[in-house]
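The values are calculated or read from the model by the stated rules, or taken from the named source; none is laboratory data. Quick caveat, the model's predicted, so the values are computed rather than measured. Don't worry about glycine lacking a Cβ; one is built from the backbone with ideal geometry, like all the others, and counts go over all protein chains shown. The accessibility values were calculated without ligands, DNA or RNA, using every heavy atom of the protein model including side chains. Shrake-Rupley method; radii C 1.70, N 1.55, O 1.52, S 1.80 Å.
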Amino acid sequence: MLTLDAHPSGRHFLQIPGPSPVPDRILRAMSMPTIDHRGPEFGMIGLQVLAGIQKIFRTRHPVVIYPASGTGAWEAALANTMSPGDLVLMYETGHFASLWQKMATRLGLRTEFLALPGSDDTGLPLSWRHGVQANLIEERLKRDTGHEIKAVCVVHNETSTGVTSDIAAVRRAIDAAGHPALLMVDSISGLACADYRHDEWGVDVTISGSQKGLMLPPGISFNALSPKALEVSRNATLPKAFWAWDEIVEMNKSGYWPYTPNTNLLYGLHEAVEMLLTNGLDAVFARHLRWAEGVRAAVNAWGLPIQCADQRVYSPVLTGVVTPAGVDADALRKLIYDRFDLSLGTGLGRVKGRMFRIGHLGDCNDLTLMATLSGVEMGLKLAGIRVTDSGVQAAMNYFSAHPQQSGLKAAA
Ligand code: PLP
């Protein structure tokens, strides 16, 4: 067991793509005393949190909050809208899309898993290096003249690869096919980092979680709904009890939940929403885009391939770095962890051992990212991996040449 004595000095560098580093302000908010979740004070907090989170999803419709990790919210989205044997069209962008597809099958749904076939010259699966191809979805839906497909499910920011798909394009594809399928989007790691518009993009269910762009610890997750999703849920027959939207949405009207909500995480959420909205969502997105540019400048200088092979869909949340053939990316991660107390994201599923991930989300700034890149660069050299140039220098050049325009700073 980890004792306090065993804890290394200084702050650990948590640069995995979620859970992300939690700002002190949020940690302090969460340390407030736990209160009666049926009392009057809680109802006020509940209403404020529910109204605030709608602004983050950019929706006027209900957002359901579960005391569960993101996986629970995936299940909730399917259980509330689908019936046994329904056909769901999903798209393989990476590990998380694959896990969601596996879950759909386990719930008794039929799935079709669209993907770009084959691999490229790195040997990595093509579909894990590109975003959702909306044209493939449109073609498939056009062939479904009997409207057997009940939902299209895609991942907005594929955390296993660092690819952010164009959700508006998926909406246009569904409309172009004139198909009534629901659009369900996993924005577990995209929300509050990358531009996201639940209502404007016509998303029926958006799934998200607390531990990424919202900068909270893991433990709460979300379903943002559309009126159509709520309507469909009335006749959907997959078993659901804890996840059922109807009772939660009803009780939420007065700021309460039918079960014991995660009180202290809701304090944290209240604080996170306040921070994000004060900063301005567009400034928050710009901040992540800029960090991503700086990190990619480093990776390009090292001469290592970026997992995302399409610049148009580079993720502002994380960057996947492909290690040279024959180099075990997990051994490199371990070396960096042991030597520099720096956690990097592991390669997951089909890219395990072939790449690692650098998170640029949560309580970061230019200097924490510079420290992270220094740790990686030292690790690469210690592992005997030849780099073309100094990534640290490239990122320093980028960050110093491109000052951050935060909403608050711009207004000051
Ligand atoms: N979907 C995406 C895109 C994720 O990044 C994650 C977790 O990292 C999940 C789903 C699963 O969420 P959780 O691990 O919180 O259950």
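Could you please let me know if Val132 is aliphatic (A, V, I, L, M) and in a strand (DSSP E or B)? It is false that Val132 is aliphatic (A, V, I, L, M) and in a strand (DSSP E or B).
Working only within the range 198-222, note down all residues that are within 13 Å of the ligand (Cβ to nearest atom) and in a strand (DSSP E or B). Those that are within 13 Å of the ligand (Cβ to nearest atom) and in a strand (DSSP E or B): Thr206, Ile207, Ser208, Gly209, Ser221, Phe222. Scanning the range 143-162 for residues that are free of Cβ contacts under 8 Å to residues at least 12 places away in the same chain and outside any helix (DSSP H, G or I) gives Thr145, Gly146.
For the range 165-190, which residues satisfy the criterion of being open to solvent by less than 20 Å² (accessible area, probe 1.4 Å) and within 15 Å of the ligand (Cβ to nearest atom)? Within the range 165-190, Ser165, Ile167, Met184, Val185, Asp186, Ser187, Ser189, Gly190 meet the criteria. The set of residues from the range 239-298 being among the β-branched types (Val, Ile, Thr) and either within 19 Å of the chain's Cα centre (by Cα) or surrounded by 20 or more Cβ atoms within 10 Å (Cβ to Cβ) (or both) comprises Ile248, Val273, Val284, Val295.
Would you pick out the residues in the range 62-93 that are in a loop (DSSP other than H, G, I, E, B), within 12 Å of the ligand (Cβ to nearest atom) and open to solvent by less than 10 Å² (accessible area, probe 1.4 Å)? Result: Thr93, single match. Which pairs turn up if I take residues in the range 163-190 that are modelled with pLDDT of 95 or more and look for partners that are in a strand (DSSP E or B) and of a type in the set (Lys, Arg) with beta carbon separation below 9 Å, at least 6 apart in sequence or on another chain? Listed by first residue and then by second, the contacts come to Pro180/Lys150; Ala181/Lys150; Leu182/Lys150.
When Cys153, Cys193 are checked against the criterion of being in contact with a Pro (Cβ under 7 Å, 6 or more places away or on another chain), within 28 Å of Asp282 (Cβ to Cβ) and surrounded by 24 or more Cβ atoms within 10 Å (Cβ to Cβ), Cys193 stands alone in meeting it.
The single condition among (1) surrounded by 22 or more Cβ atoms within 10 Å (Cβ to Cβ); (2) over 16 Å from the mean Cα position of the chain (by Cα) that Gly326 does not satisfy is (1).
Take the residues of the range 94-117 that are aromatic (Phe, Trp, Tyr) and outside any strand (DSSP E or B): which is most open to solvent (accessible area, probe 1.4 Å)? Residue satisfying both the conditions and the ranking: Phe96. If the condition is being part of a helix (DSSP H, G or I), in contact (Cβ under 8 Å) with a residue 60 or more places away in the chain and more than 17 Å from Gly18 (Cα to Cα), then the range 350-377 contributes Arg350, Val351, Asp366, Ala371, Leu373, Gly375, Val376, Glu377.
Conditions (1) under 22 Å from Ala194 (Cβ atoms); (2) of a type in the set (A, V, I, L, M); (3) outside the structural domain of Val152 (by TED's automatic domain parsing), marked per residue:
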site	(1), (2), (3)
Pro8	no, no, yes
Leu27	no, yes, yes
Pro40	no, no, no
Leu47	no, yes, no
Ala51	no, yes, no
His61	yes, no, no
Ile65	yes, yes, no
Thr105	no, no, no
